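Everything on this sheet refers to the single structure shown next.
The values are calculated or read from the model by the stated rules, or taken from the named source; none is laboratory data. Everything quoted here is computed from the prediction, not taken from an experiment. Counting neighbours? That spans all protein chains shown, and the Cβs are built from the backbone with ideal geometry, glycine included. Surface areas here come from the heavy atoms of the whole protein model, side chains and all, with no ligands, DNA or RNA. Shrake-Rupley method; radii C 1.70, N 1.55, O 1.52, S 1.80 Å.
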Number of protein chains: 2
Amino acid sequence: MRDVAVIGVGMLPFGKHPDKGLDDMARVAIWDAIRDAGVTAKDIQVVHVGNCLAGLIVGQEAVRGQIILKDCGLGGRPVVNTENACGTGAAAFRGAWLEVASGMYDVALAVGVEKMFIPGNTARSIRALATCSELELSRTGFQYVAYYAMRLRAYMEEYGATVTDFANVVVKDTYNGSLNPYAHHKKALTLEEVLNSRMVADPLTLYMCPSMCDGAGAAILCSVDMAKRFTAKPVVKVKSVAFRASKFSPHGEWDDPHTFTLCADEAYEKAGIGPKDLDVAEVADAVIPMELLLYERLRFCGKGEGSKLIRDGTTRLDGRLPVNTSGGFSIRGHPLGATGLGELAEVVWQLRGEAGPRQVPNAKLGMVHDSGGVVGYDTAACYIMILSR
Amino acid sequence: MRDVAVIGVGMLPFGKHPDKGLDDMARVAIWDAIRDAGVTAKDIQVVHVGNCLAGLIVGQEAVRGQIILKDCGLGGRPVVNTENACGTGAAAFRGAWLEVASGMYDVALAVGVEKMFIPGNTARSIRALATCSELELSRTGFQYVAYYAMRLRAYMEEYGATVTDFANVVVKDTYNGSLNPYAHHKKALTLEEVLNSRMVADPLTLYMCPSMCDGAGAAILCSVDMAKRFTAKPVVKVKSVAFRASKFSPHGEWDDPHTFTLCADEAYEKAGIGPKDLDVAEVADAVIPMELLLYERLRFCGKGEGSKLIRDGTTRLDGRLPVNTSGGFSIRGHPLGATGLGELAEVVWQLRGEAGPRQVPNAKLGMVHDSGGVVGYDTAACYIMILSR
C-alpha cells in the first residue's frame with residue numbers, strides 16, 4: 001500500500017437548500033475541491049459517491065452517483081456508489097483512499113451529498129431516517145433521540161455527569177459554529193439558552209438535539225508522491241484509515257471495549273501515534289452531549305472522565321485538544337452522506353492553517369471519526385482517519 | 001497487488017420468492033458459499049453487499065447490508081454497501097476483490113441480493129427500475145425494452161441481422177436454462193415459439209424480453225496463497241478485473257470503440273490473454289438478442305459478425321466459445337444486485353468442472369461481463385472479470 005494525500009476539499013455550506021437538487025449541491029463541493037487541489041477534471045480517474053437517502057427522498061436509486069454527476073464535467077469516470085448511514089461520507093472517502101493506496105488509480109474523487117429537508121413533509125424525512133425500517137417503523141417505534149437520551153441518563157447515573165456538562169458541550173459547539181461559514185447553525189448559545197430550551201427527551205433539551213439539513217462535501221486524493229505536481233499548499237497525508245463494526249445485538253449487550261475504541265486503537269497503531277499526539281478532532285456526536293462519551297471511547301480520556309474535559313476546557317478551541325471545531329454534527333450540520341467529508345474538510349483546513357477564526361495554532365495531527373449507527377448495532381460502521389501535515 | 005482466488009460461490013435459485021425477505025434470500029447464498037469454500041464464518045473479515053432497489057421496494061436504505069446480514073452469523077464484520085444498477089453484483093465483487101488484492105484483508109465475502117417481484121404491484125417494480133428517475137418517469141417515458149428495440153432495428157439494417165437470428169439466441173439460452181437448476185426459466189423454447197410469441201416492441205417478441213425475478217448470489221475470495229488452506233477443490237484465480245464507464249450522452253453519441261470494448265481490452269491485457277483464449281463467457285444480455293452485439297463489443301468476432309456466431313453454432317454449449325451457459329440474464333434471471341454473482345458462480349462451476357449437463361469440456365479460462373446501463377449512458381458501469389483454473 002502506498003501513502004495517500006488529500007490535496008483538495010470542498011463543501012457546499014450545510015443548511016436547507018430546497019431550491020437545489022443533489023446534482024446542484026454536489027457540483028459546488030466537487031468544483032471547490034478541484035480548484036483547491038489544483039487538478040483538472042481530466043486528472044480524476046475514479047469517483048466514489050456516498051448518498052444514503054435519495055431512494056426514499058427523491059426516488060433515485062440504482063446509479064445515483066452517475067445521475068448526480070451527469071452534468072458535472074466528469075463523464076466517463078467509473079463511479080462507485082456507496083452508503084453506510086451516518087458514516088456514508090467516510091465510506092466514500094475510504095473507498096477512494098483504497099483505490100489510490102492500492103495503486104489501482106492515481107487520483108480519486110470522493111463525494112458525499114444528501115438532501116434531507118423536504119419542505120412541508122418532515123414525516124417523509126423522518127421515515128427515511130429509520131435505519132432499520134422493519135424494527136423502527138413497524139415494531140418498536142424507537143427513534144434516535146430517545147435512544148441517546150436513555151444512554152445519557154445511564155451515563156449520568158454511572159459517572160456523575162450533569163445536565164450542565166451536556167449543555168456546556170452545546171455552548172462550545174455553537175461557539176465554534178458561529179465562526180464557521182459552512183455551518184448550518186451560526187448562533188453561539190449561552191448555557192441558560194441551552195438549559196431553558198424545551199425538553200425533547202429527558203435529559204435532552206431542544207438545543208442538544210440535531211436538526212435536519214442538506215449538504216455536500218468532496219475530497220480529492222492522490223499518491224503522496226504526486227501531490228506536489230498539483231498543489232503548492234501543505235500536503236495533508238492520510239496516516240491511517242480504520243474501519244470497524246459491532247455485532248448485531250438487539251438486546252443491547254454492547255462490546256467492551258466499545259467498537260469505537262477498537263477502531264481508534266487500530267487507527268492510532270497504524271498511524272504510529274497515540275491520542276495525546278492529536279491536535280484536533282472531528283467526532284460523530286449524533287446528539288451533542290454524546291461527545292462526552294466519545295472522548296472516552298476514542299481514548300481522549302479515561303472511562304467516566306468525559307465531563308472533566310468539558311469542565312476544564314480541554315476540548316475548547318483554546319484547549320489542548322479542540323474537538324469539533326466545525327461545530328460538529330448538530331451545529332455544522334449532519335446531512336448523512338455529506339457529513340464525513342465535511343469533517344474531513346475541517347481537519348484538512350486546520351492542518352493547512354486555513355481555518356480562519358477557528359484555527360487551532362500549529363495543528364499537525366488530526367482525527368476524523370465518522371460512524372453510522374442503527375438500532376441493534378452500537379455501530380453499524382465506524383470509520384476513523386488520522387491525517388497529518 | 002496480490003493474486004486473488006474465488007474459493008466459494010453460492011446462489012439462491014433465481015425466481016419468484018414472495019415468501020422470502022432479502023435476509024432470507026441472502027442467507028441461503030452466503031452459507032452455500034461458506035460451505036463451498038471450506039471456510040468458517042470466523043474466517044470472513046469484510047463483506048461487500050450489493051443491492052440496488054431495497055429503498056424503493058421494501059423501504060430500507062442507509063445500512064441495507066447490515067440489515068440483510070443481521071441474522072446471518074457474520075456480526076461484527078465491516079460491511080460496505082454498494083449499488084450500480086444491473087452491475088451491482090459485479091460492484092460488490094470488485095469491492096471484495098480490491099480488499100484482498102490490496103492486502104487490506106485476507107478473506108472477503110461478496111453478496112448480491114435483490115427483491116424485484118412484488119405480488120400484485122408490478123407498477124411499483126417497474127417504477128423502481130427506472131435508473132434515471134427524473135428522465136425516465138417524468139420527462140421521456142422511455143423504457144429499456146423500447147430502447148433496445150431501437151438499437152436492434154438499427155443493427156438489422158446496418159448488418160443484415162434477422163429476427164430469426166435474434167430468436168435463435170433465445171433458443172440457445174432457453175436450452176441452456178433448461179439444464180440449469182438455478183435458472184428462473186427452465187423450459188427450452190423452439191424457434192417457432194419465440195417467433196410466434198406476441199410482439200412487445202418491434203423486433204422484440206415476448207420471449208426475447210426479460211422478466212422480473214428475485215435472487216441472491218455470494219462469493220468468497222482470498223489470496224491465492226491461502227486458498228489451499230481452505231479447499232481441496234481446483235483454485236479459480238481472478239486473472240483481471242476491469243471497470244469502465246461511458247460519458248453521459250443524452251443524445252446518443254456513443255463512444256467508438258464502445259465502452260464494453262475498451263473494458264474488454266483492458267481485461268484481456270491485464271490477464272495476458274486474447275478473446276480467442278476464452279473457453280466460456282457469461283455476458284449481460286439485458287434483452288436476449290443484444291447478445292449478438294455483445295459478441296462484437298467483447299471482441300468474440302468482428303464488427304457486424306454477431307449473427308455469424310449464432311448461425312454457425314460457435315456460442316452454443318457444444319460450440320467453440322459457449323456464451324451464457326447459465327441461460328443468461330433473461331433466462332437464468334436478472335435480479336439486479338444478484339446477477340453479477342450469479343454469472344460468477346456459473347463461470348466458477350464451469351472452471352471447476354461442476355456444471356453438470358451444461359459443462360463445457362475442459363474449460364480453463366472464463367469471462368464474466370456485467371454492466372449497468374441507464375438512459376443517457378451507453379454504460380454507467382461495465383465490469384469484466386477474467387477467471388482461470
task: Test each condition in (1) crowded, with 24+ Cβ neighbours inside 10 Å; (2) without any contact (Cβ under 8 Å) to a residue 24 or more places away in the chain for residue A:256 and report the one that comes out false.
output: (1)
field: Enumeration of residues in region A:306-353 that are of a type in the set (D, E, K, R) and within 26 Å of residue A:238 (Cβ to Cβ)
entry: A:320, A:332, A:343, A:346, A:352
- request: Being under 20 Å from the mean Cα position of the chain (by Cα) and closer than 21 Å to residue B:106 by Cβ is the filter here, so list the residues in region B:51-77 that pass it.
  value: B:65
message: Exactly one of these conditions fails for residue A:29: (1) of a type in the set (A, V, I, L, M); (2) surrounded by fewer than 21 Cβ atoms within 10 Å (Cβ to Cβ); (3) part of a helix (DSSP H, G or I). Give me its number.
response: (2)
message: Every residue in region A:92-113 that is at the interface with another protein chain (Cβ under 8 Å from one of its Cβ atoms) and open to solvent by less than 10 Å² (accessible area, probe 1.4 Å), please.
response: A:98, A:99, A:101
message: Being in contact with an Asp or Glu (Cβ under 9 Å, 6 or more places away or on another chain) and within 24 Å of residue B:54 (Cα to Cα) is true for just one of A:53, A:98. Which residue is that?
response: A:53
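Of A:170, A:235, which residue is more than 14 Å from chain B (Cβ to nearest Cβ), in contact (Cβ under 8 Å) with a residue 40 or more places away in the chain, of a type in the set (Val, Ile, Thr) and open to solvent by less than 10 Å² (accessible area, probe 1.4 Å)?
A:170
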query: Out of (1) closer than 27 Å to residue A:293 by Cα; (2) outside any loop (DSSP other than H, G, I, E, B); (3) modelled with pLDDT of 75 or more; (4) not small (Gly, Ala, Ser), the odd one out for residue A:136 is which?
result: (3)
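Any idea which of B:15, B:50, B:21, B:8 is within 17 Å of residue B:222 (Cβ to Cβ), open to solvent by less than 50 Å² (accessible area, probe 1.4 Å) and not acidic (Asp, Glu)?
Numbers: B:15 fails: within 17 Å of residue B:222 (Cβ to Cβ); B:50 fails: within 17 Å of residue B:222 (Cβ to Cβ); B:21 fails: within 17 Å of residue B:222 (Cβ to Cβ).
Selected residue: B:8, the only one of B:15, B:50, B:21, B:8 that is within 17 Å of residue B:222 (Cβ to Cβ), open to solvent by less than 50 Å² (accessible area, probe 1.4 Å) and not acidic (Asp, Glu).
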query: Could we say that residue B:39 is outside any helix (DSSP H, G or I) and surrounded by fewer than 24 Cβ atoms within 10 Å (Cβ to Cβ) here?
result: yes
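Restricting to region B:310-334, what's the tally of residues that are of a type outside the set (Ser, Thr, Tyr), outside any helix (DSSP H, G or I), over 16 Å from residue B:287 (Cα atoms) and touching a residue at least 40 places away in the same chain (Cβ under 8 Å)? Step through it out loud before you land on a result.
We begin by selecting, within region B:310-334, every residue of a type outside the set (Ser, Thr, Tyr); these are B:310-313, B:316-324, B:327-329, B:331-334.
Right, trim to outside any helix (DSSP H, G or I) and you get B:312-313, B:316-324, B:327, B:332-334.
Among the residues that remain, those that are also over 16 Å from residue B:287 (Cα atoms) are: B:312-313, B:316-322.
Now restrict to residues that are touching a residue at least 40 places away in the same chain (Cβ under 8 Å): B:316-317, B:321-322.
Residues in region B:310-334 being of a type outside the set (Ser, Thr, Tyr), outside any helix (DSSP H, G or I), over 16 Å from residue B:287 (Cα atoms) and touching a residue at least 40 places away in the same chain (Cβ under 8 Å): 4 in total.
Scan region A:190-197 and tell me whether some residue there is open to solvent by less than 40 Å² (accessible area, probe 1.4 Å), in contact with a helix residue (DSSP H, G or I) (Cβ under 6 Å, 6 or more places away or on another chain) and among the hydroxyl-bearing types (Ser, Thr, Tyr).
yes
Could you say which residue among B:387, B:365 is in contact with an Asp or Glu (Cβ under 8 Å, 6 or more places away or on another chain) and either in contact (Cβ under 8 Å) with a residue 24 or more places away in the chain or more than 14 Å from every other protein chain (Cβ to nearest Cβ) (or both)? Full working, then the answer.
Numbers: B:387 fails: in contact with an Asp or Glu (Cβ under 8 Å, 6 or more places away or on another chain).
Result: B:365 is the single residue among B:387, B:365 that is in contact with an Asp or Glu (Cβ under 8 Å, 6 or more places away or on another chain) and either in contact (Cβ under 8 Å) with a residue 24 or more places away in the chain or more than 14 Å from every other protein chain (Cβ to nearest Cβ) (or both).
Those residues that are open to solvent by 20 Å² or more (accessible area, probe 1.4 Å), out of contact with any strand residue (DSSP E or B) (no Cβ under 7 Å at 6 or more places or on another chain) and more than 18 Å from residue A:291 (Cα to Cα), I need them from region A:173-187; list them, please.
Just the residues of region A:173-187 that are open to solvent by 20 Å² or more (accessible area, probe 1.4 Å), to begin with: A:175, A:178-179, A:181-182, A:184-187.
From what's left, out of contact with any strand residue (DSSP E or B) (no Cβ under 7 Å at 6 or more places or on another chain): A:175, A:178-179, A:185-187.
Passing the criteria: A:178, A:179, A:186, A:187.
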query: Pick from region A:64-91 the residues that are more than 18 Å from residue B:61 (Cβ to Cβ) and either more than 7 Å from every other protein chain (Cβ to nearest Cβ) or in contact (Cβ under 8 Å) with a residue 60 or more places away in the chain (or both): which of them is most open to solvent (accessible area, probe 1.4 Å)?
result: A:71
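A quick yes/no check of all residues on (1) open to solvent by less than 10 Å² (accessible area, probe 1.4 Å); (2) of a type in the set (Asp, Glu):
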{"site": "B:316", "(1), (2)": "no, no"}
{"site": "B:323", "(1), (2)": "yes, no"}
{"site": "B:327", "(1), (2)": "yes, no"}
{"site": "B:339", "(1), (2)": "yes, no"}
{"site": "B:346", "(1), (2)": "yes, yes"}
{"site": "B:355", "(1), (2)": "yes, no"}
{"site": "B:367", "(1), (2)": "yes, no"}
{"site": "B:370", "(1), (2)": "yes, yes"}
{"site": "B:382", "(1), (2)": "yes, no"}
